[in-house]
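The values are calculated or read from the model by the stated rules, or taken from the named source; none is laboratory data. Note that the structure is a prediction, hence the values are computed from the model and not measured. Cβ: placed from backbone, ideal geometry, glycine included. Neighbour counts: every protein chain shown.
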Amino acid sequence: MKSTPKPKVSTGRKIYRFTIVVTLIYCSVGIALYHLQEKLLFHPKAFPKDFPFKFDIRFKEVNIPMNETDTLNLIQFFPSDSVPKGVVIYFHGNKGNVTRFAQYAPNFTKHGYEVWMPDYPTYGKTTGKLTEENIYNQATEVYKLAHSKFSADSIIVYGKSLGSGVASHIAANHDCARLILETPFYSIPDLFSHYAPIYPVNRMSHFKFPVGENLKEVKAPVTIFHGTDDGVIPYDASSKLKMVLKPGDEFISIENGTHNNLNDAPLFQSKLDSLLSL
């Protein structure tokens, strides 16, 4: 017996099926990105309240009550000189907690500066809901505490990676001697657009951290460091900030620098040393 030939699927039908599949994939990935963006952006490591901090540099742990339930945990590192020349408020990156970034405190303490490193909500011993507003509110409390001890012209605000969004917000709204940003981005939606260019990231992003817009309001001198081989925050995502810098601000490119090795670059160290010696 002859087998009955299978009916051919029309080209139009194939295109329709393909369109349905592509649409489903697009929507599924978009929904995942929308709901999982906090987990993609933040990688905190929490500590219990009784966790004993240990550092190779003199320090003090400070807890600042924000309300009945939330507490900001701050580590203050001190220089060997008895009278500090000022303070560097250091807003760290998105991974771990202050213990991951304490290694950079000597960059500043050797020049006579105290270094204050706060943890964000859910990082380390800091509690509270992880929202952009809460991060700003807690950062503002750190600035107020610093300003109660140091004049504005003795306060340097420093932001590394994610911390550039926090540092630029503080410098845009409060007086300081200088703003230094390491591996920053223009904004979170702009950064997401580098990884997911086919999605409406401006509407999808819960977090904004608009570094570029903040810099337009910063009156203090600004210095930016970024590596040309950064695989986390692309160099192009940071170089957009050049167009909002004012006369006297600096954008320093570290050739072959990656996201986490700028501290090892001679140009980074020499420039940072010159800024802190002013």
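Just to be sure, is Lys60 on the phi < 0 side of the Ramachandran plot, assigned to a loop (DSSP other than H, G, I, E, B), assigned by TED's automatic domain parsing to the domain that holds Gly163 and modelled with pLDDT of 95 or more?
It is false that Lys60 is on the phi < 0 side of the Ramachandran plot, assigned to a loop (DSSP other than H, G, I, E, B), assigned by TED's automatic domain parsing to the domain that holds Gly163 and modelled with pLDDT of 95 or more.
Considering only residues that are at pLDDT 95 or above, among the aliphatic types (A, V, I, L, M) and in a helix (DSSP H, G or I), which ones fall in segment 198-222?
Val211, Leu215
Select, from Phe251, Phe225, the only residue that is among the aromatic types (Phe, Trp, Tyr), outside any helix (DSSP H, G or I), modelled with pLDDT of 95 or more and under 15 Å from the mean Cα position of the chain (by Cα).
Exactly one of Phe251, Phe225 is among the aromatic types (Phe, Trp, Tyr), outside any helix (DSSP H, G or I), modelled with pLDDT of 95 or more and under 15 Å from the mean Cα position of the chain (by Cα), namely Phe225.
Which of the residues that make up segment 110-120 are surrounded by fewer than 21 Cβ atoms within 10 Å (Cβ to Cβ) and in contact (Cβ under 8 Å) with a residue 40 or more places away in the chain?
Result: His111, single match.
Right, Lys129: charged (D, E, K, R) and either within 19 Å of the chain's Cα centre (by Cα) or crowded, with 23+ Cβ neighbours inside 10 Å (or both) or not?
yes
Just one of (1) at pLDDT 95 or above; (2) part of a helix (DSSP H, G or I); (3) touching a strand residue (DSSP E or B) at 6+ places or on another chain (Cβ under 7 Å) trips up Ser274, so point out which.
(3)
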